[in-house]
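Notes for the one structure printed next.
The values are calculated or read from the model by the stated rules, or taken from the named source; none is laboratory data. Since the structure is predicted, the reported quantities are computational estimates derived from the model, not experimental observations. Glycine also receives a Cβ, built like all others from the backbone with ideal geometry; neighbour counts cover every protein chain displayed. The accessibility values were calculated without ligands, DNA or RNA, using every heavy atom of the protein model including side chains. Shrake-Rupley method; radii C 1.70, N 1.55, O 1.52, S 1.80 Å.
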Amino acid sequence: MASSTRSRTPLPYAPDLDEDWEAFDRPTVIPSTLPNEVEQDSAVMKKGAAAGFDLDELELPPPRSQFPTINTEDPLAFDLKSAAPPARTESISLSLDDVPLRPIGGSVPDHLASTLVDASAPLHEPEPDSTPERTSPLGEMRDRFALGDFSGALEIAVSLLDEDPMNAEAASYAETCREKLLSMYAAKLGSMLEIPRVIVPPDQVRWLTLDHRAGFVLSCIDGYSSIEEILDVSGMSPLDALKVLHELLQQRIIAVT
Amino acid sequence: MDRVIGIDLGTTNSCVAIVENDTPTVIPNRGGYKTTPSMVAITEAGKRLVGHIAKRQAITNAENTVFAAKRLIGRKWNSPQVKNAVLTSSYRIVEGPHGDVRVQLRTKPYSVPEISAMVLQEMKTIAQDYLGETVSKAVVTVPAYFNDNQRQATKDAGQIAGLDVIRIINEPTAASLAYGFGKNIEKIVAVYDLGGGTFDISILEIGGNGIFKVLATAGDTFLGGEDFDARIIDWFVQGFRDDHGIDLRQDRMALQRLKDAAEKAKCELSSVKETEVNLPFIISSGRNEALHLQRVISRQTLESLTEDLIERTVDICRQTLLDAKLGKEEVEDVVLVGGMTRMPRIQEVVSEFFEREPNRGVHPDEVVALGAAIQGAALVDEKHEMMLLDVTPHALGIMTQGGIFEEIIPANTSVPTGRSKIFTTSRENQTAVKILVMQGDHERAEDNELLGEFILTGLRRAPKGSVEIDVVFEINADGIVSVSAKDLETGQQQSIQVTATSGLTPEELKAMVAGAEEFAVDRKASEEVEAAIQEAETVIAEINRLFPQVEQIVASSDFGRDAIAKARAIVQRAKDAIQKKDLALIKEQTDGLVRTQRMFKGVVSKSS
């Protein structure tokens with residue numbers, strides 16, 4: 001049996017900006033015991049792929065409740081081979097804190113691909129470096145970043161900075177995550193000079209599932225203002241506003257011309 | 001010949017006009033609007049926003065959005081108007097280094113002329129885009145009650161914006177100019193100006209010799225369209241609270257949407273009897289459910305909500321006529337200025353009060369800018385006969401015993417001019433006298449603006465009233481006031497020269513001019529990059545549209561497979577250049593894109 005190659009790409013202190021972010025575009029809501037569950041995710045994906053699922057089809061994360069949970073203290077608690085493919089969610093609920101994103105173009109970065117290939121390896125095998133650091137917020141932040149979960153990594157970085165504003169590593173991760181997420185959303189929306197339009201008929205808008213922040217951004221879309229101008233008037237941080245616009249685009253509530 | 005633009009630098013909205021082929025014309029902005037909000041904001045990213053875009057985020061970024069800077073311009077930090085503004089403004093007003101006023105936006109304090117300069121710069125750009133040429137001269141309007149310091153501060157704002165303000169004229173005068181354009185009229189008119197933030201009523205005598213004499217002017221600098229909007233907002237907020245138990249004022253985004261909707265509804269109600277306001281997802285309830293605001297408001301409701309505001313304008317009109325010792329019947333015409341005068345109820349009330357239908361021949365939003373443009377054209381083109389004379393906006397004089405203001409040069413005196421008056425000592429054996437030079441129209445000296453002071457010493461000891469001092473006021477063509485006091489017996493003399501000041505030193509002004517020039521250069525460069533990006537993206541879109549067809553054609557041929565790969569590389573390189581926002585690189589890559597597009601089109605056309 002191949003040894004576990006839980007690919008924890010060694011992350012230098014300053015995160016690498018040259019990674020292909022699109023391929024890392026992963027669900028943002030990840031359980032706090034992230035590293036194991038992500039591994040589980042990979043295992044599920046692998047299983048799905050084996051069953052004929054295309055990677056591109058895995059556009060929505062299954063509900064957390066449907067992921068088997070792993071007790072790291074009991075290596076035999078979960079047998080991957082008997083795990084059923086996860087049920088798929090049917091709809092997307094638009095919320096600022098839970099962005100369903102899907103891998104773009106089906107390409108998988110090398111280190112993530114290796115987790116897929118090696119998923120048959122015992123998941124429960126502890127990593128040599130699965131010391132307290134891994135389960136600490138700092139370690140979790142690094143892991144999430146390595147897995148391309150920039151939203152999750154940013155969330156942890158921000159909470160670390162709340163506790164200790166002088167935490168240089170968290171600050172560096174936060175900044176890099178913001179940059180990555182900004183360029184990710186921006187790339188998906190196209191040029192900042194593009195003009196978004198609302199494509200849902202006005203009388204149907206109220207039947208959408210939006211929160212008031214998305215409602216506000218939607219109200220800024222007048223058919224004349226560019227994405228850049230909408231960001232300027234949104235009163236939100238550019239990252240939040242782009243995230244909402246991206247969600248509206250994914251929901252096919254708006255189109256970008 | 002230089003073109004001169006006319007700018008109505010309003011409290012809430014500004015407008016720019018020019019005379020083209022003898023016809024005064026308002027220049028629309030890029031969005032097609034003829035007025036531009038006089039608002040300036042600095043975003044979180046440090047970007048400067050001016051006009052409509054600043055207005056659209058005025059509530060969500062309230063601390064860093066300046067509106068109604070005109071209420072502060074040329075005022076001193078310790079003035080009551082500034083004290084009031086400090087308490088009521090959403091943005092931070094701080095004391096400047098010379099007792100002047102600064103506005104703190106993000107990390108930088110800006111002087112008020114700098115803020116106004118940003119608006120003027122925007123108006124200049126609108127004119128330049130329209131005319132396709134550089135504009136450097138302007139006539140700018142100010143309220144009739146502005147004193148010399150406020151006028152000088154407005155001129156400084158123009159200078160910072162890269163404009164030579166060749167004349168400052170009174171707003172009601174500009175409105176009268178536009179009203180009388182092409183007609184040879186001599187009459188007394190009332191200019192009722194209800195704008196977005198202020199109300200002014202002015203009674204003018206239009207003379208045949210180019211003299212527009214302001215007989216009386218009054219107003220309320222805190223009464224305007226925004227107060228009407230606020231009443232509508234209150235009505236919606238109350239209704240929503242009744243329905244859902246939620247206060248929309250607690251959420252800035254909700255309030256921003258409500259403000260925009262209230263203003264829109266108000267405008268619509270000038271032409272329709274009722275209108276619906278529909279704001280989906282305006283706020284989230286505690287149960288994580290978004291709520292909608294949907295309500296119909298009628299014209300009648302608006303009128304009942306704002307009746308007292310309209311009545312306040314009438315009270316001011318009544319008082320102004322009394323002050324000018326004029327009867328309503330002496331007012332021969334009423335000119336309506338300001339967007340709010342489109343409201344039917346206001347027109348009714350004005351016609352009831354003045355007992356005559358107001359003049360409908362001028363556009364209320366544009367008339368002031370048009371008047372300024374007419375004056376600008378007249379100043380540079382001799383064939384234009386209409387020539388306004390520069391007049392003193394307020395009386396000039398000195399303070400005398402008992403704190404009484406003694407007028408030496410009356411308001412509306414055309415300049416250059418000089419007047420003198422003889423005063424005597426007020427105490428026994430008085431050897432010195434303090435001359436306090438003031439400007440204003442109030443009897444009590446303390447209500448007027450202090451321009452400067454000096455002491456005349458060496459008076460002979462004598463009983464009070466026996467030493468005669470000749471006080472001479474002179475105003476030269478540049479508006480510089482010189483005051484001298486001379487002991488007629490001894491010839492002892494002291495004098496002072498008063499130059500209006502905006503509160504900025506010449507060094508500060510110079511630095512601000514340089515800063516604004518730099519900003520204009522950066523902005524132009526940024527616009528060039530944006531235009532290049534747009535061009536490149538248009539070609540990329542066309543290439544992407546042709547790709548499937550070309551690939552299909554190439555697939556059935558032995559040739560051209562490399563070309564496909566090369567085309568993809570060219571598109572990718574162009575995208576990279578766009579990402580970097582490098583103008584030279586984008587242009588270089590666009591050339592490659594255009595060649596690729598041409599090649600693709602050729603392939604497609606040959607195969608069809």
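If you check B:VAL214, B:VAL272, which single one turns out to be of a type in the set (Val, Ile, Thr), assigned by TED's automatic domain parsing to the domain that holds B:MET340 and open to solvent by less than 70 Å² (accessible area, probe 1.4 Å)?
B:VAL214
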Sort out which residues of region B:272-292 are under 33 Å from the mean Cα position of the chain (by Cα) and in a strand (DSSP E or B), and write them in order of number. B:GLU274, B:THR275, B:GLU276, B:VAL277, B:ASN278, B:LEU279, B:ILE282
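Of all residues being within 14 Å of chain A (Cβ to nearest Cβ) and of a type outside the set (Val, Ile, Thr) in region B:217-246, which is farthest from B:GLY338 (Cα to Cα)? Just the residue, please.
Step by step, filter region B:217-246, then rank; the result is B:HIS244.
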Any chance region A:154-177 includes a residue that's within 9 Å of chain B (Cβ to nearest Cβ), out of contact with any Lys or Arg (no Cβ under 8 Å at 6 or more places or on another chain) and among the charged types (D, E, K, R)? no
One residue from B:ASP193, B:ASP251, B:ASP234 being crowded, with 22+ Cβ neighbours inside 10 Å and of a type in the set (Asp, Glu): B:ASP193
Taking the criterion of being in the same structural domain as B:ASP8 (by TED's automatic domain parsing), in contact (Cβ under 8 Å) with a residue 24 or more places away in the chain and buried (at least 24 other Cβ atoms within 10 Å of the Cβ), would at least one residue in region B:76-98 satisfy it? no
Answer yes or no as to whether B:ARG71 is open to solvent by 40 Å² or more (accessible area, probe 1.4 Å), away from every other protein chain (no Cβ under 13 Å), within 20 Å of the chain's Cα centre (by Cα) and modelled with pLDDT under 95. yes
Please go through region B:472-487 and give me each residue that is outside any strand (DSSP E or B) and either surrounded by 13 or more Cβ atoms within 10 Å (Cβ to Cβ) or among the polar types (S, T, N, Q) (or both), ordered by number. B:ASN476, B:GLY479, B:ILE480
Can you confirm whether B:ILE469 is surrounded by fewer than 16 Cβ atoms within 10 Å (Cβ to Cβ) and assigned to a strand (DSSP E or B)? no
Just checking, does region B:57-67 include any residue being away from chain A (no Cβ under 14 Å) and open to solvent by 10 Å² or more (accessible area, probe 1.4 Å)? yes
Tell me which of these B:ASP333 doesn't satisfy, since it passes every other one: (1) buried (at least 20 other Cβ atoms within 10 Å of the Cβ); (2) among the acidic types (Asp, Glu); (3) outside the structural domain of B:GLU348 (by TED's automatic domain parsing). (3)
Identify all residues within region B:543-598 that are within 18 Å of A:ALA187 (Cβ to Cβ), among the polar types (S, T, N, Q) and touching a Lys or Arg at 6+ places or on another chain (Cβ under 9 Å); write none if there are none. B:GLN589
Cβ pairs under 8 Å, 6+ apart or interchain, first in region A:227-239 and within 7 Å of chain B (Cβ to nearest Cβ) and among the acidic types (Asp, Glu), second in a helix (DSSP H, G or I) and open to solvent by less than 40 Å² (accessible area, probe 1.4 Å), ordered by first then second residue, are A:GLU229/B:ILE53; A:ASP232/B:ILE53
So in region A:178-215, with the set limited to residues that are more than 20 Å from the chain's Cα centre (by Cα) and basic (Lys, Arg), which one is farthest from the other protein chains (Cβ to nearest Cβ)? A:ARG197
When region B:300-331 is examined, which residues are found to be without any contact (Cβ under 8 Å) to a residue 24 or more places away in the chain, among the small types (Gly, Ala, Ser) and over 25 Å from B:THR275 (Cβ atoms)? B:GLY327
Being outside the structural domain of B:ALA153 (by TED's automatic domain parsing) and crowded, with 18+ Cβ neighbours inside 10 Å is true for just one of B:VAL521, B:VAL539, B:VAL513. Which residue is that? B:VAL539
Would you be able to say whether some residue in region B:366-389 is part of a loop (DSSP other than H, G, I, E, B) and modelled with pLDDT of 95 or more? yes
How many residues are more than 14 Å from chain A (Cβ to nearest Cβ), in contact with a strand residue (DSSP E or B) (Cβ under 7 Å, 6 or more places away or on another chain) and open to solvent by 50 Å² or more (accessible area, probe 1.4 Å) when one looks only at region B:14-56? 1
Filter region B:129-185 for residues that are of a type in the set (S, T, N, Q) and touching an Asp or Glu at 6+ places or on another chain (Cβ under 8 Å); the one that is most open to solvent (accessible area, probe 1.4 Å) is B:SER136
One residue from B:ILE543, B:ILE553, B:ILE533 being within 14 Å of another protein chain (Cβ to nearest Cβ), part of a helix (DSSP H, G or I) and not hydroxyl-bearing (Ser, Thr, Tyr): B:ILE533
Output the residues belonging to region B:1-25 that are over 15 Å from the mean Cα position of the chain (by Cα) and not in a loop (DSSP other than H, G, I, E, B). B:VAL4, B:ILE18, B:VAL19, B:GLU20, B:THR23, B:PRO24, B:THR25
Taking region B:252-271 as the region of interest, how many residues are within 8 Å of chain A (Cβ to nearest Cβ) and either of a type in the set (Lys, Arg) or outside any helix (DSSP H, G or I) (or both)? 2
